[in-house]
Amino acid sequence: MSVDVYIFSYNKLIAVNCLAVFARNKMSNKFDICKVCFTFGKSNFTAMKPLFLFPYWGRYLGYFLVVVHIPIVLYKKQLMGMHGDGTADGIFNGRHLFFMSTTLLMAIGLFIAAFSKEKIEDEQIVRLRLDSLQWSVYVNFLFLIVSLIFSTDTEHILFLNLLVPLVFFIIRFRWKIFQNNRLIKE
């Protein structure tokens, strides 16, 4: 079954010759197989619109910020103890400022790592990114509902709600790309 494509006069008309297919299959209408006849008055090819993503090297910057965050938090918790000094009250005490700064450092790092371009950004990568983002929202709401039912600690619920979608998105997106690359090599 072969289909020959002829292009006439500077892309004004593309004619598809399906006569051999019709003779073999005894089709009654030429357009049973060839449903569309393309005519081009102008070049109306649609290009993929670029999404706002950080540059490729942003992924490494994001991972660096997350890795820097971990020893800072562990060192500070050893100095202050697990519950902090508790000397100052209010929103601008040392413990709360430390929590805000380290949480923002980790959240910004995860955000940059999650939404950085790939070396080859095509439709399949965009589809994997969208699918992973959808699953991360599902998992986030599951964790949020479970934590609201079984916990009263609002600080940890906020922390969980802020970081779980990004972490799950990165893990699932990287896993899907790994699976995709493994299928290509086979």
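Annotations
- Taking Cα centre as origin and charging only the Cβ of basic (Lys, Arg, +1) and acidic (Asp, Glu, -1) residues, the dipole magnitude of the range 57-186 rounds to 440 debye.
- Over all other residues within a Cβ to Cβ distance under 10 Å of LYS176, the charged ones net out to +3, with Lys and Arg as +1 and Asp and Glu as -1.
- Rg(Cα) / (2.2 N^0.38 Å) computed for the range 132-186, rounded to two decimals: 1.45
- Using a probe of 1.4 Å on the protein chains alone, the accessible area found for LEU79 is around 120 Å².
- In the context of the full protein assembly, TYR60 retains an accessible surface of approximately 120 Å², using a probe radius of 1.4 Å and ignoring ligands and nucleic acids.
- Radius 13 Å from Cβ of TYR56, net charge of other residues (Lys, Arg +1; Asp, Glu -1): +1
- Taking amide H as placed 1.01 Å from N in the peptide plane, SER116 has its amide H under 5 Å from the amide H of PHE54, each at least 5 places away in sequence or on another chain.
The values are calculated or read from the model by the stated rules, or taken from the named source; none is laboratory data. It should be emphasised that the depicted structure is a prediction, and the values quoted were computed from it without experimental measurement. Cβ atoms come from the backbone with ideal geometry, glycine included; neighbour counts cover every protein chain shown. All accessible areas refer to the heavy atoms of the entire protein, side chains included, with ligands and DNA or RNA removed. Shrake-Rupley method; radii C 1.70, N 1.55, O 1.52, S 1.80 Å.
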